[in-house]
Amino acid sequence: MGRPRSYSREAVVEKAMGVFWQNGYKAASISDVVRETGLNTASMYKEFGDKEGLFSAALDHYRDHVIGPRYRILIDNPNLEGVEMFLRNVFLGAAKSEYKGCLMMNHLAQKHVISPEAAEQVGAFCAEVESLVETALRNAQADGDIGAEKDTAQLASFVVFCVHGTVLYGRHDEKKHVIPNFYDLIMREIRE
């Protein structure tokens, strides 16, 4: 019979997520993860298999615990108000001085250095966001809040495209000040 764990798996994943988020998958070394989590290398490999397994767990943790509240906005308010609240939440976060981007989006730009499985996780994240936005826009259209001639699928892609740009601008100190201006532009495109 093996020894019981002396660590919290969730705490380890959360700390590892911070290392990947700060450094990126490729630059995050096993020694960085071991130092940050306090988990020894043997236990890390036993628990997660390898660095890719730990990264996959970190992506899931990010999806469930960090970005989940933003998803919840669109799930609880699948309408124009939900899209407005979602965008405001993204823009407020990106304008903060301590903003370090989105773990998923940061790695979408580095998908050539992550495993195909991790790239699939990131792709599924993007598809889920776009689907939630499209559902909200379709409902807004049915409510008469946006024009019947609008292509809600294309509009959802545009909104997510703008969110991705906001994530990048949020990491660029010289561009943070313009982020709030984009909200009105996006909402005008949705409504008009």
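Take the chain with all the other protein chains still there, run a 1.4 Å probe, and you get 54 Å² of accessible area per residue. Taken about its Cα centre, region 1-70 carries a charge dipole of about 100 debye when Lys and Arg each add +1 at the Cβ and Asp and Glu each add -1 at the Cβ.
Determine the sum of side-chain charges near ASN89: Lys and Arg each +1, Asp and Glu each -1, restricted to other residues whose C-beta is under 13 angstrom from that of ASN89. All intermediate terms of the calculation are to be shown ahead of the outcome.
Working: positive: ARG70, ARG72, ARG88, LYS96; negative: ASP76, GLU81, GLU84.
Once all neighbours under 13 Å are counted, the net charge is +1.
Just need log10 I(q)/I(0) for region 58-106 at q = 0.17, 0.23, 0.24 Å⁻¹, Debye formula, equal scatterers on the alpha-carbon atoms, no solvent, rounded to two decimals. Evaluating at q = 0.17, 0.23, 0.24 Å⁻¹ gives log10 I(q)/I(0) of -0.54, -0.90, -0.95. Toward the positive end of the charge dipole of the chain, with +1 on the Cβ of Lys and Arg and -1 on the Cβ of Asp and Glu, the farthest Cα among ALA27, GLY165, MET85 is that of ALA27. Charging the Cβ of each Asp and Glu at -1 and of each Lys and Arg at +1, and nothing else, the dipole of region 44-181 about its Cα centre rounds to 480 debye. The modelled label-to-label distance between SER43 and GLU189, using points 7 Å beyond Cα along the C-beta direction, is 4.8 nm. When each full DSSP H helix of the chain is screened for a Cα extent of at least 30 Å along its own axis and an average Kyte-Doolittle hydropathy of at least -0.5, the helices passing are 116-142.
Quick one: what do you get for region 1-85 if you divide its Cα Rg by 2.2 N^0.38 Å? Each step should come with its number before you reach the end.
Details: Rg = 16.2 Å, N = 85, 2.2 N^0.38 = 11.9 Å.
Against the compact-globule rule of thumb, the ratio is 1.36.
Average 1/r across all pairs of distinct alpha carbons in region 110-192, invert it, and you get the Kirkwood radius: 14.3 Å. For a paramagnetic label modelled on ILE75 (point 7 Å from Cα along Cα→Cβ), amide N atoms under 20 Å away belong, within region 89-131, to 89-90, 103-105, 121-131. For region 67-152, the extents of the C-alpha atoms along the principal axes are 44, 31, 21 Å, listed from largest to smallest.
How much net charge surrounds TRP21 when only the other residues with a Cβ under 15 Å from the Cβ of TRP21 are counted, with Lys and Arg +1 and Asp and Glu -1? Walk me through the numbers on the way to the answer.
Values: positive: LYS15, LYS26, LYS51, ARG63, LYS96, LYS100, ARG171; negative: GLU14, ASP32, GLU36, ASP60, ASP64, GLU98.
So the surrounding residues net to +1.
Report, to the nearest whole %, how much of the accessible area of the chain belongs to carbon and sulfur atoms, 1.4 Å probe, protein only. Heavy-atom surface of the chain belonging to carbon and sulfur, 1.4 Å probe: 50 percent.
If the limit is 27 Å between Cα atoms, which of LYS51/LYS96; LYS111/LYS176; LYS15/LYS111; LYS111/LYS175 go over it? Could the numbers behind the result be given before it?
Numbers: LYS51/LYS96 30 Å; LYS111/LYS176 25 Å; LYS15/LYS111 22 Å; LYS111/LYS175 25 Å.
From LYS51/LYS96; LYS111/LYS176; LYS15/LYS111; LYS111/LYS175, over 27 Å: LYS51/LYS96.
The values are calculated or read from the model by the stated rules, or taken from the named source; none is laboratory data. Just so it is clear, the model here is predicted, and its values are computed rather than measured. Methodologically, a virtual Cβ is constructed for each residue, glycine included, from the backbone with ideal geometry; neighbour enumeration extends over all protein chains shown. Ligands, DNA and RNA are stripped out before the accessible areas are found, and what is left, the full protein with its side chains, is counted by its heavy atoms. Shrake-Rupley method; radii C 1.70, N 1.55, O 1.52, S 1.80 Å.
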